[in-house]
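One structure is given here, and the rest of the page talks about it.
Taken together, the values in this text are just the output of simple stated rules run on the coordinates, not laboratory data. What you are looking at is a predicted structure, and each value in this text was computed from that prediction instead of being measured. All Cβ positions, glycine included, derive from the backbone under ideal geometry; neighbour counts span all protein chains shown.
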């Protein structure tokens, strides 16, 4: 498995959790400190920081520590990789559905004759 595929797997795994998706939604409005991100989470801080570690390990977010404050922000290039993969999948499936549609139309014409 390629490094690119492994990274994409990590990103999709990270996106599979509602807490992590909520963090990404919040970060889409701008960087935030851990304490701010954890406010809406219904869990202990150590559990919440594990979610942040998963997001960072997947490459979806970047953190920076200044003094005692750790701030997170989105990594837009990583999100573009996810979007590109999804776009390719959508294109492939649209092509397959178009082919199926043509095939079904031909079958219907044959039956109508």
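Between the alpha-carbon centres of region 45-113 and region 16-44 there is a gap of 19 Å. For the Cα atoms of the chain, what angle does the longest principal axis make with the long axis of helix 45-58, in degrees from 0 to 90, nearest 10? The answer is roughly 50 degrees. Between helix 3-15 and the chain there is an angle of about 80 degrees, using the helix long axis and the longest principal axis of the Cα atoms. Computed on the Cα trace of the chain, the radius of gyration divided by the Kirkwood hydrodynamic radius gives Rg/Rh = 1.26.
Among 56, 94, 77, the largest mean-square fluctuation in a Gaussian network model of the chain, built with springs joining Cα atoms closer than 10 Å, belongs to 94. Taking 50, 89, 99 as the candidate residues, the one with maximal mean-square fluctuation in a Gaussian network model of the chain, Cα springs under 10 Å, is 99.
Assuming R0 = 41 Å, what is the FRET efficiency of residue 47 and residue 106, from their Cβ-Cβ distance, to the nearest 0.05? Each step should come with its number before you reach the end.
On the way: r = 56 Å, r/R0 = 1.37.
Efficiency at R0 = 41 Å is approximately 0.15.
Given Cα pairs under 8 Å that are at least 6 residues apart, what percent is the relative contact order of the chain? With pairs under 8 Å counted, the relative contact order is 26 percent. As a proxy for reagent exposure, ranking 12, 97, 48 by other Cβ atoms within 10 Å from fewest up yields 97, 12, 48. Relative to the longest principal axis of the Cα atoms of the chain, the long axis of helix 18-27 makes an angle of roughly 70 degrees.
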